[in-house]
Amino acid sequence: SAISKNSLNSSLMQLQCHFTWTLLKEDVDLENLEETIGDQIKFFANSNIKNYDLLSYVCHLKNSNEEALKYLQQAEEEVKKNYPDEIARRSLVTWGNYAWIYYYMGRYKEAQTYVSKVENTCKKLLSTALGNIQLPEIYAEQGWALLKFGRKYYQRAKDCFENALKNEPNNPEFNAGYAIAMYRLEDLTLRQCEDVSPSFEALKRAVELNPNDTFIMALLALKLQDLNRVDEGERYIEAAMKKTPDFPYFLRYAAKFYRRKKELDKALEILEKALEVTPKSTFLHHQLGVCYKEKLFQLKKTTRYPPKEQVEELIQLSIFHFKTVIDQNTKCFAAYTGLAKMYAQGKRYEEAEETFQKAFQINILSYADKQEFYYHYGNFQRFHMKSESEAIRNYTEGLKIEKDSYERQKCIYAVKQLLEKRIQEGLGNATDFGTLGFIHNLNNEKHKAIECYEKAIALYPNNEEYVSALCELQLSI
């Protein structure tokens with residue numbers, strides 16, 4: 001009846017589970033997410049409860065509620081196996097998901113049964129009302145789910161692990177989650193030129209508490225590499241390699257470590273080994289694509305006339321792996337730009353153009369992604385399509401996004417170089433002078449900016465944009 005549906009609805013909203021954590025399906029590629037969680041179930045036996053819970057939610061998002069129920073049954077089996085003495089407490093998220101899925105199936109009576117199970121557990125064990133469940137393991141489960149939904153969610157994930165740690169500061173699993181969230185957030189801020197947050201301390205602590213977790217050890221090694229403490233980092237990689245020589249989640253980061261150290265053959269060998277274990281991993285295919293791309297550039301740098309067959313082979317291999325990624329994960333921006341650049345290397349310009357356009361249409365791009373897009377697409381126009389005006393237009397779009405990042409700095413540098421060259425050759429038009437004025441102003445070179453705007457106005461007398469920019473500059477000096 002309608003009444004039970006409405007009262008049910010308000011109790012459902014108070015449950016702590018995937019359905020109330022705002023995990024939006026448009027932010028992920030569902031097929032790919034399902035694949036990834038499946039792999040993790042094979043390799044991380046200790047965290048299967050949360051993986052089955054999350055899979056049930058993913059299945060619901062794919063409209064297969066029957067399958068979702070099967071995963072919840074598996075989660076219940078795992079709870080019985082791992083926490084025989086705390087079944088109710090450890091089942092709160094699972095039961096919450098059950099309630100929601102039955103609700104969506106229109107089976108309100110069963111949904112109500114699960115809501116009541118959660119309510120009774122809260123009263124009995126935690127002496128709290130439904131809406132106030134603050135268990136550290138539930139915060140942590142929410143944190144792990146958020147990490148899976150992409151970088152839009154990393155800050156929230158970090159907050160969840162912080163909440164979990166308030167009650168259990170020495171819990172190894174919570175420290176690991178916190179360190180991973182910190183590391184990923186920092187990876188983004190590094191790209192965006194902000195102050196680096198202290199993920200190093202978090203990773204070190206997580207490794208001390210999880211001496212057998214080689215996944216975390218590898219992240220610590222990569223962080224040491226960022227800090228120019230490469231030898232120290234490598235010692236962690238070597239120690240972890242002894243502990244888990246076949247563990248794909250460690251191997252992927254070990255390969256990244258050696259790739260960044262420019263030991264590309266070693267990185268490739270490690271990636272191939274990991275691929276045998278998880279053949280569909282988009283992470284591995286992406287890394288392979290990057291390795292072959294870097295091998296190509298290394299070859300071109302070190303050999304005056306690189307053998308044509310060798311060049312062709314590296315381009316083909318790189319294209320193959322990048323394509324494998326985007327076939328499986330339609331949201332992977334880096335794989336699209338990698339693929340577009342390799343098409344350009346192989347002079348397949350139409351395919352390059354098409355791939356760049358697809359990259360730009362991904363719905364979850366951050367401002368740094370967009371800046372990166374304009375930089376690479378500008379390079380494509382400049383070096384491959386030989387169109388300086390299109391290159392300038394794209395670099396300018398990139399630097400107009402006013403948040404600082406490495407990519408934006410690269411756009412500024414590239415466009416300045418091109419404009420100065422055109423002006424020296426006597427080819428500069430009003431737009432060129434106007435854009436250069438804009439860049440000088442950005443770099444706080446006000447007198448140079450004024451000079452450029454004056455020249456732009458001489459060529460295009462009534463342009464409002466240039467006139468108002470000039471007035472503002474003259475007033476500010």
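Report, in whole Å, the centroid distance computed from the Cα atoms of the stretch 268-339 and the stretch 164-182.
35 Å
Are any of the pairs 280/331; 300/347; 308/386; 243/273 more than 20 Å apart by Cα-Cα distance, and if so, which? All intermediate terms of the calculation are to be shown ahead of the outcome.
Values: 280/331 16 Å; 300/347 16 Å; 308/386 23 Å; 243/273 16 Å.
With Cα atoms farther than 20 Å apart: 308/386.
Would you please calculate the Kirkwood hydrodynamic radius of the chain over all C-alpha pairs and express it in Å, rounded to one decimal?
Numbers: mean 1/r = 0.0392 Å⁻¹.
Every distinct Cα pair counted, the radius reaches 25.5 Å.
Once all Cα-Cα distances of the stretch 39-110 are split into 10 Å bins that start at 0, what whole-number percent is in each one?
With a bin width of 10 Å, the distribution comes to 22, 51, 24, 3.
Using the 2.2 N^0.38 Å rule of thumb for compact globular proteins, work out how the stretch 428-476 stacks up: its C-alpha Rg over that value, please.
Numbers: Rg = 9.3 Å, N = 49, 2.2 N^0.38 = 9.7 Å.
Against the compact-globule rule of thumb, the ratio is 0.96.
Quick one: helix 92-104 against the long Cα principal axis of the chain, what's the angle to the nearest 10°, folded into 0 to 90?
In the chain, helix 92-104 runs at an angle near 80 degrees to the longest axis.
Over 5 Å intervals from 0, what percent of Cα-Cα pairs in the stretch 5-133 sits in each interval?
Spelled out bin by bin, the stretch 5-133 gives 2, 11, 20, 23, 21, 13, 7, 2, 0 percent.
Relative to the first principal axis of the alpha-carbon coordinates of the chain, what is the inclination of helix 430-442, with its axis defined by its Cα atoms, in degrees from 0 to 90 and to the nearest 10?
The two axes meet at around 60 degrees.
For the stretch 5-133, give the magnitude of the charge dipole about the Cα centre (Cβ charges: +1 Lys/Arg, -1 Asp/Glu; no others), in debye to the nearest 20.
Numbers: 15 positive and 17 negative charges, 143 e Å.
For the stretch 5-133, the charge dipole is close to 680 debye.
Loop only per DSSP, at most 16 neighbouring Cβ atoms within 10 Å: give me the trypsin sites (Lys or Arg not before Pro) in the stretch 337-375, ordered by residue number.
On the way: sites: 341, 347, 348, 358, 370; in loops: 347, 348.
Those satisfying the criteria are 347, 348.
Along Cα→Cβ, 7 Å out, is where each label goes; now give me the distance between the ones at residue 402 and residue 262 in nm to one decimal.
Label-label distance for residue 402 and residue 262, simple model: 4.0 nm.
Just reorder 464, 420 by solvent-accessible area, largest first, 1.4 Å probe, all chains present.
Working: 464 150, 420 75 Å².
Output order, biggest surface exposure first: 464, 420.
Could you let me know the centre-to-centre spacing of the stretch 58-130 and the stretch 419-477, using Cα atoms, in angstrom?
The stretch 58-130 and the stretch 419-477 have Cα centres spaced 64 Å from each other.
Rounded to the nearest 500, what is the 222 nm mean residue ellipticity of the chain from helices alone, with -39500 (n - 2.57) per DSSP H run of 4+ residues and division by all residues?
Working: 25 runs with 358 residues, N = 477.
Mean residue ellipticity, 222 nm, calculated: -24500 deg cm²/dmol.
Pairs of Cα atoms under 8 Å, at least six residues apart: use those to get the relative contact order of the chain, whole percent.
Values: 595 pairs, mean separation 38.1, N = 477.
Averaging sequence separation for qualifying contacts and normalising by length gives 8 percent for the chain.
Principal axis lengths of the stretch 360-437 from Cα atoms, whole Å, largest first?
42, 26, 18
Charges only on Cβ, +1 for Lys and Arg, -1 for Asp and Glu: so what's the dipole of the chain about the Cα centre, in debye to the nearest 20? Intermediate values should be presented prior to the final figure.
Details: 65 positive and 67 negative charges, 68 e Å.
With Lys and Arg at +1 and Asp and Glu at -1, about 320 debye.
How much length is gained if the chain between residue 472 and residue 152 is pulled fully straight, taking 0.36 nm per residue apart and subtracting their Cα-Cα distance, in nm to one decimal?
Numbers: separation 320, 0.36 × 320 = 115.20 nm, distance 3.69 nm.
My answer for the length gained is 111.5 nm.
Tell me whether the stretch 208-273 comes out rounded, prolate or oblate; compute the Cα gyration tensor, take square roots of the eigenvalues as a ≥ b ≥ c, and use a/c under 1.5 as the rounded threshold. Don't jump to the answer; show the numbers that get you there.
Working: a/c = 2.07, a/b = 1.09, b/c = 1.90.
Oblate, because a/c is 1.5 or more while a/b does not exceed b/c.
The values are calculated or read from the model by the stated rules, or taken from the named source; none is laboratory data. Keep in mind it's a predicted model, so treat the numbers as computed, not measured. Cβ atoms come from the backbone with ideal geometry, glycine included; neighbour counts cover every protein chain shown. Remember, those area values only see protein heavy atoms, side chains included, never the ligands or the DNA or RNA. Shrake-Rupley method; radii C 1.70, N 1.55, O 1.52, S 1.80 Å.
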